[in-house]
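*Asks:* Input: one structure, supplied below.
The values are calculated or read from the model by the stated rules, or taken from the named source; none is laboratory data. All values derive from a computational prediction rather than experimental measurement. All Cβ positions, glycine included, derive from the backbone under ideal geometry; neighbour counts span all protein chains shown. Just the protein is used for accessible areas: all its heavy atoms, side chains included, with ligands, DNA and RNA removed. Shrake-Rupley method; radii C 1.70, N 1.55, O 1.52, S 1.80 Å.
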Amino acid sequence: MHQYRAFSRIERGYRHIKMGSVCQDAALASDAAPDCSVIVVADGHGGGDYFRSDRGSKFIVQATMAGLMEFASKTAAVQLRDPGERKKLLRELFAGILKHWNESIEADMFDDPFSETQMESVSLRCREEYMAGKAVELAYGTTLVAVLVTERYWLGIQQGDGRCVAVRTDGTCEQPIPWDVRCENNITTSICDPNAIDEFRYSFSERMPA
């Protein structure tokens with residue numbers, strides 16, 4: 001019987017409150033699907049060039065939640081045991097998540113196009129690109145960490161910095177998703193990178209955490 005329960009919480013930080021800025025983070029958690037729990041966390045970049053990262057983080061957690069719940073409904077542990085098949089299935093998952101994220105951005109741009117007044121803090125280089133309709137996904141930049149737990153296996157996926165921590169039954173902890181050495185201090189890879197699909201990392205295990 002599935003014994004895990006998913007929950008999430010985001011909090012507007014002190015500096016954001018002091019500066020009057022919005023929280024750029026987003027999170028979703030669900031036990032809605034039978035024998036399946038999902039948690040998704042996104043950290044919007046928040047710099048001037050990424051002035052819609054609060055929307056970008058919401059879009060990516062929604063896309064990832066939907067993608068992982070669908071993945072759980074049609075993917076068995078036996079399919080993921082072979083490294084080659086696992087890599088293929090997860091790349092398809094990542095591609096679907098990115099597709100839905102970009103579709104959400106396109107819809108948002110249609111409803112609320114960029115204007116000069118919205119870009120007071122945007123660098124000149126990015127402002128010129130945005131006004132020309134180029135690289136607009138940068139404005140929605142965010143990282144992603146997500147976990148899917150089923151009856152038979154659990155899966156962690158990540159793009160960018162942040163930490164996924166699993167607690168073992170003996171009380172010790174591990175960080176199962178491989179680290180990206182390009183993520184250091186305030187530098188991170190991002191969902192908005194042109195090669196984002198190649199920057200996804202993941203972990204798979206049939207050894208369930210505590």
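*Asks:* Being out of contact with any Ser or Thr (no Cβ under 8 Å at 6 or more places or on another chain), under 30 Å from Gln3 (Cα atoms), in contact (Cβ under 8 Å) with a residue 24 or more places away in the chain and surrounded by fewer than 18 Cβ atoms within 10 Å (Cβ to Cβ) is the filter here; which residues of the range 171-200 pass it?
*Replies:* Hit for the range 171-200 is Gly171, nothing else.
*Asks:* Specify the residue that is surrounded by the most Cβ atoms within 10 Å (Cβ to Cβ); the eligible residues are those in the range 1-36 that are in contact with a helix residue (DSSP H, G or I) (Cβ under 6 Å, 6 or more places away or on another chain) and more than 22 Å from Ile105 (Cβ to Cβ).
*Replies:* Restricting to residues being in contact with a helix residue (DSSP H, G or I) (Cβ under 6 Å, 6 or more places away or on another chain) and more than 22 Å from Ile105 (Cβ to Cβ), the top hit is Cys36.
*Asks:* Would you mention how many residues in the range 139-196 are more than 12 Å from the chain's Cα centre (by Cα), acidic (Asp, Glu) and part of a loop (DSSP other than H, G, I, E, B)?
*Replies:* 4
*Asks:* Filter the range 146-179 down to the residues that are touching a helix residue (DSSP H, G or I) at 6+ places or on another chain (Cβ under 7 Å) and either modelled with pLDDT under 95 or within 15 Å of Thr75 (Cα to Cα) (or both) and list them by number.
*Replies:* Passing the criteria: Leu148, Thr150, Arg152, Tyr153.
*Asks:* Name, by its number, the condition in (1) over 17 Å from Leu90 (Cα atoms); (2) buried (at least 17 other Cβ atoms within 10 Å of the Cβ) that does not hold for Val149.
*Replies:* Result: Val149 fails condition (1) only.
*Asks:* Follow-up. Residue under question is Ile39, and the condition is that it be open to solvent by 30 Å² or more (accessible area, probe 1.4 Å) and hydrophobic (A, V, I, L, M, F, W, C); does it hold? So that I can check it myself, show each step before the final result.
*Replies:* Details: open to solvent by 30 Å² or more (accessible area, probe 1.4 Å): yes; hydrophobic (A, V, I, L, M, F, W, C): yes.
So Ile39 fits the description; yes.
*Asks:* Filter the range 99-146 down to the residues that are within 30 Å of His2 (Cβ to Cβ) and open to solvent by less than 30 Å² (accessible area, probe 1.4 Å) and list them by number.
*Replies:* The answer is Trp101, Thr142, Thr143, Leu144, Val145, Ala146.
*Asks:* Additional query: Could you list, in sequence order, the residues of the range 100-124 that are assigned to a helix (DSSP H, G or I) and without any contact (Cβ under 8 Å) to a residue 24 or more places away in the chain?
*Replies:* Those that are assigned to a helix (DSSP H, G or I) and without any contact (Cβ under 8 Å) to a residue 24 or more places away in the chain: Glu103, Glu106, Ala107, Phe110, Asp111, Glu116, Thr117, Leu124.
*Asks:* If you check Lys58, Lys74, which single one turns out to be surrounded by 13 or more Cβ atoms within 10 Å (Cβ to Cβ), farther than 14 Å from Tyr202 by Cβ and of a type in the set (D, E, K, R)?
*Replies:* Unique residue meeting the criteria: Lys58.
*Asks:* For Phe51, indicate whether it is more than 12 Å from the chain's Cα centre (by Cα), within 23 Å of Leu138 (Cβ to Cβ), open to solvent by less than 60 Å² (accessible area, probe 1.4 Å) and aromatic (Phe, Trp, Tyr).
*Replies:* The answer is yes for Phe51.
*Asks:* Taking the stated definitions as given, is Ser73 farther than 17 Å from Ile197 by Cβ, within 12 Å of the chain's Cα centre (by Cα), among the hydroxyl-bearing types (Ser, Thr, Tyr) and in a helix (DSSP H, G or I)?
*Replies:* no
*Asks:* Condition (residue is aliphatic (A, V, I, L, M) and under 25 Å from Cys23 (Cα atoms)) applied to the range 77-89: is it met by at least one residue?
*Replies:* Checking the range 77-89: not a single residue is aliphatic (A, V, I, L, M) and under 25 Å from Cys23 (Cα atoms).
*Asks:* What pairs can you find where one residue is in the range 20-46 and free of Cβ contacts under 8 Å to residues at least 24 places away in the same chain, the other is part of a loop (DSSP other than H, G, I, E, B) and open to solvent by 60 Å² or more (accessible area, probe 1.4 Å), and their Cβ atoms are less than 7 Å apart, with a gap of 6+ or different chains?
*Replies:* What qualifies is Ala29/Phe7.
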